[in-house]
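Have a look at the structure below before the remarks.
The values are calculated or read from the model by the stated rules, or taken from the named source; none is laboratory data. Small disclaimer: the values here were computed from a predicted structure and weren't measured. Methodologically, a virtual Cβ is constructed for each residue, glycine included, from the backbone with ideal geometry; neighbour enumeration extends over all protein chains shown.
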Amino acid sequence: MDDWEKNIVCAGKCEHCDSLLDPKQKRILSVYDHKVICMVCKKIEEQKSDYEDVSKAMIADCIKKTDRPYGNPGGFCFHHFCPYKC
């Protein structure tokens, strides 16, 4: 997780569907695999029956690894729930 910012900040494509992401387009991290995904894929992810459980587990693991609350805008966890642009 040391270099997460440089890996996600301006990703050029969704890592789930391979659609191109314009720098002004919102993107977000998957709670399942921490990859950069488009908002369409995020909506699909949110419909999965285990999404709530996976989200809670991801938050707990993320807080443990980073020592930051998931609501901290400067933290890795935050970008799993709040979209961002380049």
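Residues Arg68, Arg27: which one is at pLDDT below 95 and out of contact with any strand residue (DSSP E or B) (no Cβ under 6 Å at 6 or more places or on another chain)?
Arg68
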Restricting to segment 12-54, what's the tally of residues that are surrounded by 18 or more Cβ atoms within 10 Å (Cβ to Cβ) and of a type in the set (Gly, Ala, Ser)?
1
Of the residues in segment 67-86, those that are surrounded by fewer than 17 Cβ atoms within 10 Å (Cβ to Cβ) and either among the hydroxyl-bearing types (Ser, Thr, Tyr) or farther than 27 Å from Ser19 by Cα (or both) come to Asp67, Arg68, Pro69, Gly71, Asn72, Tyr84
Pairs where the first residue, in segment 30-59, is assigned to a helix (DSSP H, G or I) and the second is of a type in the set (Lys, Arg) and at pLDDT 95 or above, C-beta under 9 Å, 6+ apart:
Val54/Lys48
